[in-house]
Amino acid sequence: MKKLFFTAVLLISYQASAVHVNPHGIGEVLLVPYYTVNNGLNTLVGVTNTTGNVKAIKINIREGLNGYSVLSYNVYLGPHDTWTFAMGGYPSSADGFVGQDFAALASSDHSCAPMLNKSLQEFNPYGLVDGSDDISRGREGFIEIIEMGELKGQLGAAATLVSGVPNNCALLASAWENGGSWDINPNQNLRPATGGLMAEADIMDVSSGVNYSIPTVALADFFADDEFVHVAPTDSHLSLDAAQPIATVLTDTEVYNLSFERGVDAVSAVLMADELQATYSIDSGVEGVSEIIYTQPTRRFHVYSRPFRAYSPYPVQPRIDSCHSRQYEGVEVDIIVHDREGRGNYSFGYFPGLPQQPADALCGSVFIMSMKRVGSELEEALITQSHNLAVIKGVDGGTENGYVTIKFMDTRPLMGTQISTNQRIGVMGLPVIGFSISQYTNMYARPGVMAVYGLSHPINSSVSVKRF
């Protein structure tokens, strides 16, 4: 009875229109917490329009250091259409970067994507305005998928499928040309976004036949009522800061409907966690390998590198000595590793290329934690080959599997106002999403046959608030 009562209270408390995470996986904005093309891996993504209307969608592929765009494009999905694409490693041909390790996108999908070279679209290194000069940082990161609105009229009909093929993609492309209808008025034939998008994403190791599913995050009621934004395919400025500045934040026991000064603060609020748990399995009998991916998709709106400034919820002073460069400023964390039998220890990570540091940190926008067995000399992320990582050992004398807890140090409350009471509320932690991946090798699947398996699990989290 108490559980039913609490569920009813939650439903009553929900703000009618406020940014929130939809646990059912459908929304106006979808976040893919990780992509990578390192180590011969490919990342595959599918975006589905589950509605009977035509959707205008922005896709931003953002690198893992500071979240800068390496590729931005639009796709126009007809009713119940799905857009699919794959990313892989590819040497850059851009002036000043020729031959450097980078990435490219390809798609055999018929959906309309004006100005995108579906056969091979290289990533763009020129958006990496600060940080490391090594553009290989763009070989891993995260993806934003944003519904800009619904298409109607002649342009909507052009994206509608006829026998599985859009009616007239050329018309949509010409609308963005100089003097075209969208070049003059990008909102022509557009009406507000209504949601109904879902996505699936996978990391695939073609050479070994292993696949890791990537759990995505869906944000619903992202835009305010009757609001929408439609920008050109190459314009990456449309991002998570376009949200309405109202959020529904759910703790373990209460629902808070909060208003903020900025839309991006509302998005950060619904992604906040002050404690994170992720499972690992590094069993030596199956050559177990585990890595945990932590992504901060709104970090760049709170932390600026030149000159350095940090706004809530990030600490005033970053953790620098535990990160690979100043551009990978980090946030200090406590890491506790538990095995499956309840044993645990505080673990100090080893950052390859740096001397042992007195504290651990999450560095940059995408950070990898590579788990190693006690006594192992592992100094890398064997699966993702990430350059922004720490190596964490398991429990001394414990089992070779368990879970990792991280708690944030010195963060500041993200301040909002409770709409019903006008009370100031601080949401604690940092905006972090992610998942863990594990790989096992069975040398004796059957005589003469070796089998490799891949698993993935979302990170679990908790969030708390303080009243001021």
Legend entry - Between the stretch 371-408 and the stretch 42-88, the Cα center-to-center distance that results, in Å: 32
Legend entry - Tensor-based shape of the stretch 19-112 (alpha-carbon gyration tensor, a/c under 1.5 rounded, otherwise prolate or oblate): prolate
Inset, instruction - Keeping the other protein chains in place, figure out the carbon and sulfur percent of the accessible area of the chain, with a 1.4 Å probe. - result: 51
Legend entry - Across Lys407/Lys466; Lys393/Lys466; Lys58/Lys152, pairs whose alpha-carbon gap is larger than 24 Å: Lys393/Lys466
Inset, instruction - Kindly provide the helix-only [θ] at 222 nm of the chain, computed as the sum of -39,500 (n - 2.57) over DSSP H runs of four or more divided by all residues, to the nearest 500 deg cm²/dmol? - result: -2000 deg cm²/dmol
Inset, instruction - For the stretch 137-195, evaluate the Debye formula with one uniform point scatterer on each Cα (no solvent term) and list log10 I(q)/I(0) at q = 0.23 Å⁻¹, rounded to two decimals. - result: -0.96
Inset, instruction - Taking the convex hull of the Cα atoms, report for the chain its projected area averaged over all directions, in nm². - result: 25.5
Legend entry - Sequence-distant residues sharing a close amide H with Tyr35 (under 5 Å, placed H): Gly141, Phe142
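Based on a Kirkwood Rh over C-alpha pairs, give the Stokes-Einstein translational diffusion coefficient of the stretch 194-286 at 20 °C and viscosity 1.002 mPa s in µm²/s.
Working: Rh = 16.9 Å.
Value of D from the Cα-based Kirkwood radius: 127 µm²/s.
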Legend entry - Å² of accessible area per residue within the stretch 71-223, as computed with a 1.4 Å probe and no ligands counted: 40
Legend entry - Contact order normalised by residue count of the chain, Cα under 8 Å, 6+ apart, percent: 19
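The values are calculated or read from the model by the stated rules, or taken from the named source; none is laboratory data. Just so it is clear, the model here is predicted, and its values are computed rather than measured. With ligands, DNA and RNA removed, areas are computed over all heavy atoms of the protein, side chains included. Shrake-Rupley method; radii C 1.70, N 1.55, O 1.52, S 1.80 Å.
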